[in-house]
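A.B. asks: Supplied in structure tokens, the structure appears directly below.
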Amino acid sequence: MNKNYYITTPIYYPSAKPHMGHAYSSIIADFFARFKKIDGFNVYFLTGTDEHGLKIQRSAEKLNKDPKSFCDEISKTFEDLTKTLNLSNTDFIRTTEDRHKVSVQNLWNILEKNNQIFLSKYSGWYSVSDEAFYNEDEVEEKDGLKVAKSSGSAVEWVEEESFFFKLSEWEKPLLDFYEKNKNFILPESRRNEVISFVKSGLKDLSVSRKTFSWGVKVPSDENHVVYVWLDALTNYLSSLKYPDENNELYKSFWPADLHIIGKDILRFHAIYWPAFLLAAKIEPPKRVYGHGWILSGDEKMSKSKGNILDPLEIINIYGLDPLRYYLLKEVSFGNDGNISEEKLENCINSDLANNFGNLCQRVLSFAEKNCSSLIPDHKFTDDDLEILKPLNNLDKIRSFIDNQDINQYMSFIVDRLFSANKYFNDQEPWKKKDDRLRLNTIVYTALELIRKITILLYPVMPETSVKVLNVFNETENSIDFTSIDNNEILKKDLKINKLDILFKKIEK
Ligand code: MSP
């Protein structure tokens with residue numbers, strides 16, 4: 001079985017500081033990366049910044065900066081954010097790096113050699129904000145301004161000489177590819193959207209620009225720069241040292257297992273990207289998951305709308321792990337979701353303080369008082385085995401992850417927490433002081449429940465989970481998902497370490 005796993009976030013435009021939407025894509029990807037890691041996979045997790053194109057050039061010009069130093073500054077805030085979000089990424093790629101430019105030019109040369117590129121003239125609509133070309137029927141007039149219907153961003157008329165990619169030739173092969181790889185695009189609703197778009201006919205795609213210079217030069221004609229999306233998508237290859245196809249990274253990790261992206265950039269990832277790759281005779285990625293948006297009220301949170309919630313501010317007030325938990329549990333994965341301080345506070349109080357925190361504190365302080373802070377002996381009854389049983393089903397839990405069903409994964413955890421608290425209540429160990437073995441067994445079972453559930457929480461809240469697992473002398477590197485299958489990992493007389501309060505209830 002292939003135990004390598006390659007997962008990516010989109011690479012972010014460093015046109016402004018990161019916001020909650022960016023944090024969301026990254027936290028989702030980190031969640032999957034961490035789960036795979038504790039399930040024994042070699043994980044390659046890539047994130048980075050997308051630094052070329054007119055959008056960045058103009059943002060830099062507005063501040064009278066040259067684009068490279070402008071990017072250096074803002075890209076750094078994205079790199080810092082990977083630390084603040086506690087991402088386990090393997091690499092951080094910037095498209096202005098030489099290693100990346102080499103890859104882009106190589107891919108271009110192959111496309112040219114394979115007769116996939118021709119010179120012509122583009123005339124049509126272009127949105128600098130989306131870095132996207134739009135057909136006439138995708139554009140509408142709003143308040144006297146031409147905007148893209150899908151994103152609402154302003155479009156401008158462009159007429160210039162341009163190289164084109166023969167996208168129209170890939171309509172049928174793409175439809176075949178989607179048919180053969182049913183889960184290439186998830187969730188299913190987005191898959192259907194993509195398929196109907198492709199079926200409606202694909203036009204050749206302009207893949208170079210001539211009227212500005214901030215980009216990777218087209219190798220065969222330096223008056224052109226490569227279209228920023230062809231440039232950006234190639235990051236997924238360049239981090240693996242493509243074009244050196246014989247190097248270990250490329251051999252081990254390509255094709256990517258999962259590109260996590262927002263639904264707004266589905267067309268680029270689910271149509272253009274596999275078409276470029278098929279045309280270059282490179283295997284396409286295995287899956288593209290288009291998540292929903294984090295909304296502010298009813299609108300997408302974005303710089304241009306000025307309705308941004310700063311992840312750093314939220315983390316300063318509430319801490320990182322509660323934010324991660326909130327985004328993973330309260331935003332239904334695949335759909336749009338909302339975040340507000342009030343909702344976050346409710347979630348901290350009900351799920352983290354009352355449910356998870358309470359379970360840990362009660363059981364551990366009971367064990368301290370009644371078992372001298374040592375793992376007690378045990379003799380399971382049917383009640384105990386019954387409560388442990390759902391956590392022995394590794395394949396079911398793995399299938400949540402492999403289907404990107406975060407919602408089921410999270411509700412599985414919440415159910416386990418509720419039932420663990422209920423078990424401890426119902427068993428009333430405080431009334432069993434004259435039946436030592438029974439009291440010990442209840443404590444043992446409750447400790448095993450905490451250990452197992454905390455392992456499942458590790459991809460969600462790494463720092464908090466490591467604190468809890470330290471109670472049992474486990475360290476971050478020793479966390480093993482498969483150990484939740486075993487009900488008797490905790491060894492008698494092992495010291496139970498102290499745990500500080502995990503989450504303080506927020507007074508309202
Ligand atoms: N640079 C391109 C991606 C190139 S990938 C080869 C880009 N950058 S972006 O910075 O605009 O957006 C990056 C990601 O953040 C996208 O997946 C986008 O969907 C996500 N989000 C941006 N705003 C968002 C929300 N308000 N909510 C959730 N995610 C959104 O697109």
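None of the figures in this text is laboratory data; all of them are computed from the coordinates on show. Keep in mind that this is a model prediction, so the values were computed, not measured. Here the Cβ is made from the backbone with ideal geometry for all residues, glycine too, and neighbour counts use every protein chain on show.
A.B. asks: From the Cα gyration tensor of the range 131-288, with a ≥ b ≥ c the square roots of its eigenvalues, which class applies: rounded if a/c is under 1.5, or else prolate if a/b is larger than b/c, or else oblate?
C.D. replies: It comes out oblate by the Cα gyration axes.
A.B. asks: Then there is this: How much mean residue ellipticity at 222 nm does the chain get from its helices, if each DSSP H run of length 4 or more adds -39500 (n - 2.57) and you divide by all residues, to the nearest 500 deg cm²/dmol?
C.D. replies: Theoretical 222 nm ellipticity from helices: -13000 deg cm²/dmol.
A.B. asks: Based on the alpha-carbon gyration tensor of the range 1-133 and its eigenvalue square roots a ≥ b ≥ c, which shape applies: rounded if a/c is under 1.5, prolate if not and a/b is larger than b/c, or oblate?
C.D. replies: Oblate shape, in that a/c is at least 1.5 and b/c is the bigger or equal ratio.
A.B. asks: Could you sort the peptides 109-115, 290-296, 441-447 by per-residue average Cβ neighbour count (10 Å cutoff), highest mean leading?
C.D. replies: The packing order, highest mean first, is 441-447, 290-296, 109-115.
A.B. asks: Additional query: Checking the a/c ratio against 1.5 first, then a/b against b/c, what shape does the Cα gyration tensor give for the range 49-126?
C.D. replies: The shape class here is oblate.
A.B. asks: Check ILE185: other-chain or 5+ apart residues with amide H under 5 Å from its amide H, H built from backbone geometry?
C.D. replies: VAL288
A.B. asks: Just round it to a whole percent: the fraction of Cα-Cα distances in the range 222-274 exceeding 16 Å.
C.D. replies: Percent of Cα pairs beyond 16 Å in the range 222-274: 51.
A.B. asks: While we're on this one: Quick one, what does Rg over Rh come out to for the range 181-258 if you take C-alpha atoms and the Kirkwood Rh?
C.D. replies: Computed over Cα atoms, the ratio is 1.07.
A.B. asks: Kindly write out, for the range 106-113 in residue order, the coupling ³J(HN,Hα) from the Karplus curve 6.51 cos²θ - 1.76 cosθ + 1.60 (θ = phi - 60°), rounded to whole Hz, with x marking Gly and Pro.
C.D. replies: 5, 4, 4, 4, 5, 4, 5, 4
A.B. asks: What pairs in LYS3/LYS498; LYS422/LYS492; LYS389/LYS491; LYS101/LYS180; LYS433/LYS508 have C-alpha atoms more than 29 Å from each other?
C.D. replies: The answer is LYS3/LYS498; LYS101/LYS180; LYS433/LYS508.
A.B. asks: Can I ask one more? Output the antiparallel fraction of DSSP beta bridges having both residues in the chain, as a percent to the nearest 5.
C.D. replies: 55 percent
A.B. asks: Based on the alpha carbons, how large is the Rg to Rh ratio for the range 421-508 when Rh follows Kirkwood?
C.D. replies: Checking Rg against Rh, the ratio lands at 1.00.
A.B. asks: Also, quick follow-up: Go through the range 218-232 residue by residue and turn each phi into a ³J(HN,Hα) via Karplus (6.51, -1.76, 1.60, θ = phi - 60°); whole Hz please, and just put x for glycine and proline.
C.D. replies: Rounded to whole hertz, the list is 5, x, 8, 7, 6, 6, 10, 10, 5, 3, 4, 6, 5, 4, 5.
A.B. asks: Now for a separate question. Using +1 at the Cβ of each Lys and Arg and -1 at the Cβ of each Asp and Glu in the chain, identify which of ILE413, LEU490, VAL218 lies farthest towards the dipole's positive end.
C.D. replies: About the Cα centre, the residue reaching furthest to the positive side is LEU490.
A.B. asks: What percent does the relative contact order of the chain come to when contacts are Cα pairs within less than 8 Å and at least six residues apart?
C.D. replies: Relative CO of the chain lands at 15 percent.
A.B. asks: So what's the gap between the Cα centers of the range 95-167 and the range 409-469, to the nearest angstrom?
C.D. replies: 54 Å
A.B. asks: Give me the percent relative contact order of the range 341-485, please, defined on Cα pairs under 8 angstrom at least 6 residues apart.
C.D. replies: 30 percent
A.B. asks: Let me ask you something else. Compute the relative contact order of the range 73-155 as a whole-number percentage, counting only Cα pairs closer than 8 Å that sit 6 or more residues apart in sequence.
C.D. replies: Relative CO of the range 73-155 lands at 15 percent.
A.B. asks: Please quote Rg/Rh for the range 53-200 to two decimal places, taking the Kirkwood radius as Rh and restricting both calculations to Cα atoms.
C.D. replies: Looking at the range 53-200, the ratio lands at 1.00.
A.B. asks: Here is a further query. Provide the per-residue ³J(HN,Hα) series for the range 80-92, in order, calculated from phi with Karplus coefficients 6.51, -1.76, 1.60 and θ = phi - 60°, each as a whole number of Hz, with x at glycine and proline positions.
C.D. replies: Calculated HN-Hα couplings, in order: 4, 4, 4, 6, 4, 8, 6, 7, 9, 5, 7, 9, 10 Hz.
A.B. asks: Can I ask one more? Return the inverse of the average 1/r over all pairs of distinct C-alpha atoms in the range 318-477, which is the Kirkwood hydrodynamic radius, in Å to one decimal.
C.D. replies: 16.7 Å
A.B. asks: With the Cα gyration tensor of the chain in hand, give its eigenvalues times 5 under a square root as the equivalent ellipsoid semi-axes, listed largest first in whole angstrom.
C.D. replies: The equivalent ellipsoid of the chain has semi-axes of 49, 23, 20 Å.
A.B. asks: In Å, what Rg and Dmax follow from the Cα atoms of the range 384-465?
C.D. replies: Rg then Dmax for the range 384-465, in Å: 14.4, 48.
A.B. asks: Follow-up question, since we're still on this one. Amide H neighbours of ASN338 under 5 Å, counting only residues 5+ apart in sequence or on other chains, H built in-plane at 1.01 Å?
C.D. replies: LEU295
A.B. asks: Hey, another quick one. Considering only Cα-Cα distances, which of the following residue pairs are longer than 31 Å: LYS300/LYS452; LYS431/LYS504; LYS17/LYS343?
C.D. replies: LYS300/LYS452
A.B. asks: Continuing with this model, one more query. Which far-off residues, 5 or more places away or on another chain, put their amide H under 5 Å from the one on TYR12, with H placed in the peptide plane?
C.D. replies: Residues meeting the amide H criterion: GLY48, THR49, ASP50.
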